[in-house]
Every structure is written in structure tokens, then in C-alpha cells.
1. Got a sec? Which of E201, E190, E142 is farther than 22 Å from I83 by Cβ, among the acidic types (D, E) and not assigned by TED's automatic domain parsing to the domain that holds V14?
2. Quick check on segment 215-228. Is at least one of its residues part of a helix (DSSP H, G or I), touching a Pro at 6+ places or on another chain (Cβ under 9 Å), of a type outside the set (V, I, T) and not assigned by TED's automatic domain parsing to the domain that holds V115?
3. Of (1) free of Cβ contacts under 8 Å to residues at least 24 places away in the same chain; (2) in a helix (DSSP H, G or I), R195 satisfies all except one. Which?
4. Of S238, S131, which residue is exposed (fewer than 14 other Cβ atoms within 10 Å of the Cβ), more than 22 Å from D107 (Cβ to Cβ) and polar (S, T, N, Q)?
5. Only one of these is touching a residue at least 24 places away in the same chain (Cβ under 8 Å), among the hydroxyl-bearing types (S, T, Y) and touching a Leu at 6+ places or on another chain (Cβ under 6 Å): S68, S118, S87. Name it.
6. So which residues in segment 199-208 are in a loop (DSSP other than H, G, I, E, B) and modelled with pLDDT of 95 or more?
Amino acid sequence: MRRDHKPYSMRLLVNFVRRLYTNWRLKPQFSAVGSGLEIIGPHRLEIWGDDIYLGDNVHMQTSKGQMSRLCTWPNETGGRGRIDIGSHTLLTPGLQIVSANHVSIGDNVMIASRVYISDADWHEIYDRLASPGPHAPVHIGENVWLGEGVKVCKGVTIGANSVIGAGSVVTKDIPANVIAAGNPAKMVRELDKDRPIKKRESMFEDVKEYNKTMSYLHYLNHKDNGFIGWLRQMIKPSRKG
């Protein structure tokens with residue numbers, strides 16, 4: 001579709017059903033959930049295992065053909081993995097986070113599509129039946145931005161504010177306040193120390209105003225749509241819509 005042709009009343013219904021599904025089906029699967037959780041396409045999010053924690057204002061997006069997955073798994077010590085996702089984070093389609101140790105993600109982190117984060121190898125090199133294999137905690141610092149298709153391997157720490165370029169494979173620690181890219185990922189340059197970084201948390205300083213603004217944007221996007229035009233576009237899309 002060239003744009004969303006849903007009538008505004010249908011948009012409100014979709015939003016209501018999405019919130020209902022999130023509250024009924026997904027929230028009980030987390031060990032703790034902060035306020036302001038928003039999941040677009042919640043039926044395409046798979047949650048497996050215990051000890052998965054979300055902060056406030058976590059926004060998750062999924063899309064058709066790109067399931068997202070949060071998974072914790074038992075390890076050989078008798079324990080299991082843990083996932084901590086900080087407040088004001090953005091998680092986009094195709095994200096996979098799998099843990100047999102501990103994956104911690106700081107506040108204000110942005111994660112692009114098809115990112116894979118794992119704190120374990122999942123098999124031992126010489127004993128291919130041994131699972132989850134070697135594992136070590138992963139820490140992603142506050143305000144980090146992971147580009148599309150990034151892979152973060154076990155035992156890695158990414159420092160605050162750093163940006164990891166699309167398609168990179170992070171096998172070793174990345175310091176704070178740098179841009180890194182490549183396979184394996186290496187520092188490309190440092191961020192400009194004289195330029196302030198605006199964080200996602202600034203959107204939620206006034207939550208009521210944020211919700212009001214988002215509702216108004218939905219209204220603007222759908223106010224001119226009618227049911228007949230929407231059904232026509234569903235049956236036979238055209239450029240005129």
C-alpha cells in the first residue's frame with residue numbers, strides 16, 4: 001500500500017485491540033514491566049523463558065515476515081539467562097535477544113531491524129551436543145544505537161552513546177562515545193565531544209502531552225479516509241488512493 005487507508009475509527013479499534021492483546025497475552029510473560037509499554041504487532045513477538053525485565057516507555061515494533069524474539073535459556077550451572085531492557089528503548093522488527101547468562105540493555109538505546117544479540121555460543125566447539133556452550137554477559141550501555149543487521153556476541157560491552165554501523169559483528173568491547181563498524185567491529189571515529197546528544201527520554205518528559213500528540217498524528221493520518229475507499233484499496237489497490 002502507498003499509505004494507510006484505514007478510517008480513523010478503524011485506527012482507534014486497531015489500537016484498542018493491540019493494547020488489549022499486549023496487556024492480556026504479553027505483559028504476564030515478563031518478570032517486570034514498566035509503564036508506557038507499546039508493542040506494534042504484538043502477535044509477532046515471541047517471549048520464551050523467565051527473568052525478562054522491561055523499563056518504562058519501551059517501544060517495540062514488529063512487521064510481517066519478521067518475528068521478534070526474547071528468549072532466556074537454562075545453563076550448565078543450574079541457572080538460566082536473564083534479559084534487562086532499560087527505559088525509553090526502541091526495538092524494531094526482526095530483533096532477537098537470546099540469553100543463557102545475562103544481557104543488559106541501558107536506557108534510551110535504539111536497536112534497528114534484524115539485530116541479533118546473544119551471550120552464548122549455544123554449542124561447544126568439540127562437543128557439539130553440549131549446550132549452551134561457552135557464555136559470558138553482554139552489556140549495552142545507555143543511549144547506544146545499533147544499526148540494521150548488527151550482531152553482538154558473548155562477553156561484549158558497548159559503551160554509552162556509541163553507534164554501531166549496519167551489518168557489523170561486535171566480538172570485542174567497544175568504548176563509549178565512538179562510531180564503530182565492520183566485521184569484526186572496530187572504532188571508526190570518536191563522537192564530537194562539543195555536541196550534545198538528545199536522548200529518547202526527552203519525548204516522555206510530559207507523558208500526557210506525548211500521548212496527546214501521538215493521538216493527533218493518528219487523526220491527521222486517517223481523518224480523510226472513508227470505509228468505501230479503504231475497502232476499494234484492499235480489494236483493488238490503485239495509485240489514485
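The values are calculated or read from the model by the stated rules, or taken from the named source; none is laboratory data. It should be emphasised that the depicted structure is a prediction, and the values quoted were computed from it without experimental measurement. Quick reminder, even Gly has a Cβ in these numbers, built from the backbone with ideal geometry, and neighbours come from all protein chains shown.
1. E190
2. Within segment 215-228, the subset part of a helix (DSSP H, G or I) is 215-222, 227-228.
Next, from what is left, pick out any that are touching a Pro at 6+ places or on another chain (Cβ under 9 Å): 222, 227.
Now restrict to residues that are of a type outside the set (V, I, T): 222, 227.
Subset that is not assigned by TED's automatic domain parsing to the domain that holds V115: 222, 227.
So far as segment 215-228 goes, yes, one or more of its residues are part of a helix (DSSP H, G or I), touching a Pro at 6+ places or on another chain (Cβ under 9 Å), of a type outside the set (V, I, T) and not assigned by TED's automatic domain parsing to the domain that holds V115.
3. (2)
4. Details: S131 fails: exposed (fewer than 14 other Cβ atoms within 10 Å of the Cβ).
Matching residue, one of S238, S131: S238.
5. On the way: S118 fails: touching a Leu at 6+ places or on another chain (Cβ under 6 Å); S87 fails: touching a Leu at 6+ places or on another chain (Cβ under 6 Å).
Only one candidate qualifies: S68.
6. Quick first cut of segment 199-208, residues in a loop (DSSP other than H, G, I, E, B) only: 199, 205-206.
If the condition is that a residue be in a loop (DSSP other than H, G, I, E, B) and modelled with pLDDT of 95 or more, then K199 is the only one that fits.
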